[in-house]
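The values are calculated or read from the model by the stated rules, or taken from the named source; none is laboratory data. Quick caveat: nothing in here was measured; it's all calculated off a predicted structure. Here Cβ is always computed from backbone atoms with ideal geometry, including for glycine, and neighbour counts include all displayed protein chains. To get the accessible areas, we keep the full protein, side chains included, count just its heavy atoms, and leave off ligands, DNA and RNA. Shrake-Rupley method; radii C 1.70, N 1.55, O 1.52, S 1.80 Å.
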Amino acid sequence: MAKRAMIRTPTMKELQSFLVTAQQLNFTAAAQVLNLTQGAVSRQISSLESRLNVRLFNRHARGLALTQKGAEFLPLVENALNQLHRAVDQITNEKQQIKLKVPSCITSWLLPRLMTFQQQYPDIDVELTSAIKHSINFAREPFDAAICYGQPPKQKDLTSYLLFEELLAPVCSPALLAAHECPLQAEEMRAFTWLHATPQKSDWSLWLSQLDSHDAMPGRTGQAIQLSEQNQHFATLDLAVSAAIQGFGIAIGDITLARPDLDAGRLVMPNPNSVASGNGYYLIRPKNLQTASLDLLFDWLQHTESPH
């Protein structure tokens with residue numbers, strides 16, 4: 001049986017040079033990022049290609065382009081370097097650190113739970129990053145876990161846990177309804193400004209379309225659902241709900257996320273009907289990242305009620 005040729009393991013410098021060059025697709029730009037000369041970066045790439053016996057870049061007059069093999073190699077290198085960085089952080093930090101990425105709209109739900117978690121486990125430091133985008137790429141982003149909105153991920157290298165399903169209903173400041181008797185029908189709510197978390201007005205449209213009462217859909221079958229003539233759009237759900245709390249109009253909010261404000265009387269539901277959007281908030285982690293601290297955090301978030 002023929003022996004397989006031994007491949008020497010690439011050096012860290014070669015992998016780092018490949019990663020930055022693949023991102024910049026230009027030796028000069030990559031050299032500036034790495035604080036090296038253009039020639040040094042070019043030699044690192046040539047050495048890596050020679051070591052692997054694979055061409056990773058096609059050289060053109062105007063720059064570089066990844067070959068098919070290079071494009072396949074890139075996410076593998078990103079993932080490997082991120083895992084190495086996590087391992088170094090875990091060993092060198094006195095505290096066990098968890099880097100968690102979440103959508104901005106869930107922070108009000110999450111923060112009380114994180115505070116009690118930190119009190120219970122003071123040796124575990126949770127570094128929280130909020131973002132508008134609801135996606136995560138563990139190969140390219142330096143996070144250990146994430147909370148994502150939508151459907152459970154289909155990637156086989158990820159594990160997901162449902163925190164709660166999204167349940168939508170109209171919410172507004174009680175001061176906005178001081179001169180009105182609740183509940184309000186959908187047609188009556190059209191007298192107010194409707195606050196939207198998306199340009200497509202999808203949350204309001206979904207709520208209207210799934211109501212059983214005919215007054216929520218003034219038109220007959222085949223006619224468009226009537227939205228309010230006064231509309232204000234926001235970039236995120238939390239901004240729309242914040243505007244509702246301040247009395248600027250009626251938003252469609254998630255009941256679970258709005259619960260603290262509903263219980264405190266900062267928000268009320270002008271109409272009691274709610275609809276399931278079919279989406280949810282999921283805790284997500286890479287299957288290859290197994291730590292006791294992450295297990296504790298995931299169990300806490302799934303089973304601990306808010307202290308407030």
Residues satisfying the stated conditions in segment 94-122, i.e. in contact with a strand residue (DSSP E or B) (Cβ under 6 Å, 6 or more places away or on another chain) and open to solvent by 70 Å² or more (accessible area, probe 1.4 Å): Lys95, Gln96
Inside segment 156-181, can you point out the residues that are among the polar types (S, T, N, Q) and within 27 Å of Leu114 (Cα to Cα)? Thr159, Ser160
Would you check which residues across segment 207-242 are at pLDDT 75 or above, within 19 Å of Asn279 (Cβ to Cβ) and either open to solvent by 80 Å² or more (accessible area, probe 1.4 Å) or not in a helix (DSSP H, G or I) (or both) and list them? Gln210, Phe234, Ala235, Thr236, Leu239
Do we have Ala175 as among the aliphatic types (A, V, I, L, M), open to solvent by less than 10 Å² (accessible area, probe 1.4 Å), closer than 21 Å to Asp238 by Cβ and at pLDDT 90 or above here? no
Hey, could you check segment 243-271 for residues that are under 11 Å from Pro170 (Cα atoms) and part of a helix (DSSP H, G or I) and say which is most open to solvent (accessible area, probe 1.4 Å)? Ile255
Of all helices (runs of 4 or more DSSP H) fully inside segment 1-76, the set with 2 or more residues that are farther than 20 Å from Ala139 by Cβ and open to solvent by 50 Å² or more (accessible area, probe 1.4 Å) is 27-34, 38-52
Residues satisfying the stated conditions in segment 75-101, i.e. at pLDDT 90 or above and of a type in the set (A, V, I, L, M): Ile98, Leu100
